[in-house]
Amino acid sequence: MAQVLRPTVAEIRLSAVRKNLQKLARTAAPARLLFVVKANAYGHGAVELARLAEREGLAWGFGVSSVEEGLALRAAGLKSPVLVLGSLYPFESFVEAINADLMVTIASLDAARQVAEAARKLGKTAACHIKLETGMGRIGARKPSVIKIYDELSGRADVRVAGVYTHLSSADTDPDYTGAQLAIFSETAAELELRGARGLVMHAANSAAAMNFPVSRMDMVRCGIAAYGQAPGFEPAMTLKTSVVFVKNVREGAYISYNRSFRADRAMKIATIPAGYGDGYIRRFSNKADVLIGGRRCRVLGNVTMDMTMVDVTAVKEASVGSEAVLLGRQGAEEVTAQELADIAGTIHYEIVTQISARVPRVFAE
Ligand SMILES: Cc1ncc(COP(=O)(O)O)c(C=O)c1O
């Protein structure tokens, strides 16, 4: 890794990820656990966390969104099964996927024919999972098309249909809709069985479903967010932290940052920290988010800038250059949660951790 001097880092606690994966695996058993590490493990560092999981046998395999993400795992020496959850395009990417032994998602008859053709040309076997649309409305074939895809692929020597799956849109919020999606899945599974399908890995559950809908667990659960500790009952793995680089005292009437969105209504002590929207600490946090310094909540003052953010440390006597500042995570008895930042930004906690930019080094701690 390039030399790290700037103090802004995302610290990832391996012990938290380990504990979270163990809890998911225990809950899902006998279903297998697919550890979803797409988007750089939701910002947590895909290669390092996949290595941890493989080394310690914490997951059966990995879920990624693209062939590129799968190739990165293979390049890092990971040997476990990898399922590409996205729909592959251009179709030439099937060649790369098959060569790297990545399982692919097939969501249309066209893609089914293309993967078979790619495998035939390579003289290799392509392993695929057929994606059923049950109400997510993203990628997936409806039941009659899934049957056609299965018929097209199941007789071929160069393709192995390893599984069938769907994705639940609202397992965290809507049990009725989740139940309806699972009912469509069951009907399709029954029909495939009537056509002689045996030994397919059937899966539907994300983290919320794996924890809350036992019937959704089937043969495998695909979990991301809970593994990173961003779900009730799990331990958050990421702390985004830095150090104060500048401290000043200002008089009443002083303005802070671009466009004067903050004016001091009294004399204040203000710290500057080297993190901003270039790090994924977005401008929506301006004047609203809290940063932890000296174990206390300190309000962001003025607009967050690309590389620096100002914070009110009037109440933190000991705050000085070098003081630790936590933007996300715990410090002492206080904690800034991803949910709290998401509420400020009008988004979801997934986005808060995933958006921490590539500029921020991920450092791994036990
Ligand atoms: C197809 C698929 N399966 C599983 C997951 C994991 O979901 P979660 O992070 O909610 O566990 C995702 C993530 O969005 C996904 O797209």
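Tell me the residue from Val215, Val244 that is among the aliphatic types (A, V, I, L, M) and farther than 27 Å from Val82 by Cβ, please.
Val244
Any residue that is part of a helix (DSSP H, G or I) and within 16 Å of the ligand (Cβ to nearest atom) - is there at least one of those in the stretch 218-239?
no
Condition first: within 17 Å of Gly63 (Cα to Cα) and either assigned by TED's automatic domain parsing to the domain that holds Tyr281 or touching an Asp or Glu at 6+ places or on another chain (Cβ under 8 Å) (or both). Now tell me which residues in the stretch 19-37 satisfy that.
Asn20, Ala31, Arg32, Val37, listed by residue number.
Which is at pLDDT 95 or above, within 19 Å of the chain's Cα centre (by Cα) and of a type in the set (Lys, Arg), of Lys19, Lys79?
Matching residue, one of Lys19, Lys79: Lys19.
Among the residues of the stretch 127-163, which ones are of a type in the set (Gly, Ala, Ser) and out of contact with any strand residue (DSSP E or B) (no Cβ under 7 Å at 6 or more places or on another chain)?
Selection gives Gly135, Gly137, Ser145, Gly155, Ala157.
Say we look at the stretch 197-215 and pick out the residues that are free of Cβ contacts under 8 Å to residues at least 24 places away in the same chain and assigned to a loop (DSSP other than H, G, I, E, B); which of these is nearest to the ligand (Cβ to nearest atom)?
Gly199
Pairs needed: first member in the stretch 124-139, under 22 Å from Ile98 (Cα atoms); second member anywhere, crowded, with 24+ Cβ neighbours inside 10 Å and among the basic types (Lys, Arg); C-beta distance under 7 Å; at least 6 residues apart or different chains.
Here the result reads Ile139/Lys131, each pair linking the stretch 124-139 to a residue that is crowded, with 24+ Cβ neighbours inside 10 Å and among the basic types (Lys, Arg).
Ile130 passes all but one of (1) in a helix (DSSP H, G or I); (2) of a type outside the set (D, E, K, R); (3) buried (at least 20 other Cβ atoms within 10 Å of the Cβ); which number fails?
Here Ile130 meets the rest and fails (1).
Which of the strands (runs of 3 or more DSSP E) found entirely inside the stretch 249-328 contain at least 3 residues meeting this: touching a residue at least 12 places away in the same chain (Cβ under 8 Å) and surrounded by fewer than 23 Cβ atoms within 10 Å (Cβ to Cβ)?
In the stretch 249-328, the matching strands (runs of 3 or more DSSP E) lie at 268-273, 296-301.
Looking at Glu48, Glu56, which one is touching a residue at least 60 places away in the same chain (Cβ under 8 Å), farther than 14 Å from Ser207 by Cα, in the same structural domain as Ser216 (by TED's automatic domain parsing) and more than 16 Å from the ligand (Cβ to nearest atom)?
Glu48
Which residue is surrounded by the most Cβ atoms within 10 Å (Cβ to Cβ), if the candidates are limited to the stretch 153-183 and must be aliphatic (A, V, I, L, M) and either assigned to a strand (DSSP E or B) or away from the ligand (no atom under 16 Å from the Cβ) (or both)?
Val164
The values are calculated or read from the model by the stated rules, or taken from the named source; none is laboratory data. Computed from a predicted model, the values in this text were never measured in an experiment. Positions of Cβ are backbone-derived with ideal geometry, glycine not excepted, and every protein chain shown enters the neighbour counts.
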